[in-house]
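Read the figures in this text as sums done on the coordinates, not as results from a lab. Since this is a predicted model, take the numbers as computed values, not measurements. Counting neighbours? That spans all protein chains shown, and the Cβs are built from the backbone with ideal geometry, glycine included.
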Amino acid sequence: LLDLKKDRAMLDSFIEYITINVSEFFRNPEQWEYVEEHIVPILKKKERIVIWSAACSTGDEPYTIAMILAKYIPKYKVNILATDIDDKALTAAKEGIYPAKSIIHVPKEYHSYFTILPDGKYRISEEIRKWVTFKKHNLFSDEFIMNVDFLICRNVLIYFTEEVKEQIFTKFHHCMNRNGILFLGNTEQMIDYKSIGFVRQASFFYQKK
């Protein structure tokens, strides 16, 4: 442990080892259909929109919401911030290059945003990459982004203790705007959401009171 505190390279290697960067575009497609049908109409009513994709891994999810929003809302009204603790994942996210298996659930209407490369991988368009700002962030220790309207944090909290999860959910509530929406993953649930200050809008979706 002392070596990790002293050796930055060793710490980075340890973080890369313990973080599980498994993601894909439109993961659980029915949930993204819910976003388009029920969340986007709420966001469209706002003058400015702040979206935070926490623990974004290689960027599949923030790019997914960017593609959806591009159909309905001008880019200048939207600020999508995507964060992760893993430097290599963030570098990959900024490059926007993905294996074919990552885009298997992408609807045909969005295929034009991807270019196939000579090695068989796919690169997402610069147009969509410009929608997202990536930044390194530690959910345990760093200040949270404020005034968030839509917060996506999927399939990472399962690795935390119940005590830590409650602390993070409380911080999420604090950093969100009134009526903001929190989108969790299939592996997670917020058991005590009422006491924290959320109402359950649908499976995996919680709204700040």
For this session: Report the relative contact order of the chain, percent, no decimals, based on alpha-carbon pairs under 8 angstrom and at least 6 residues apart.
Result: 19 percent
Exercise. What's the longest bit of the chain with no exposed GluC sites (Glu not before Pro), using DSSP loop states and at most 10 other Cβ atoms within 10 Å as the test?
Worked result: 48-142
Seminar exercise, completed: The rounded separation in angstrom of the Cα centers of region 75-109 and region 34-52 is 19 Å
Exercise. Simple spin-label model, 7 Å along Cα-to-Cβ: Y72 to E166 in nm?
Worked result: 3.5 nm
Exercise. PRE reach from E30 (point 7 Å along Cα→Cβ): which of region 89-130 fall under 18 Å by backbone N?
Worked result: 105-107
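Calculated from DSSP H runs of 4 or more alone, at -39500 (n - 2.57) each and per residue, what is the 222 nm mean residue ellipticity of the chain, nearest 500?
-8500 deg cm²/dmol
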Exercise. Between S112 and F140, what is the label-to-label distance in nm when each label sits 7 Å out along the Cα-to-Cβ direction?
Worked result: 4.6 nm
Problem set entry | Lys pairs under 19 Å by Cα in region 99-209, provided they are eight or more residues apart or on distinct chains | 11
Seminar exercise, completed: Cα extents of the chain per principal axis, largest first, Å, are 48, 43, 28
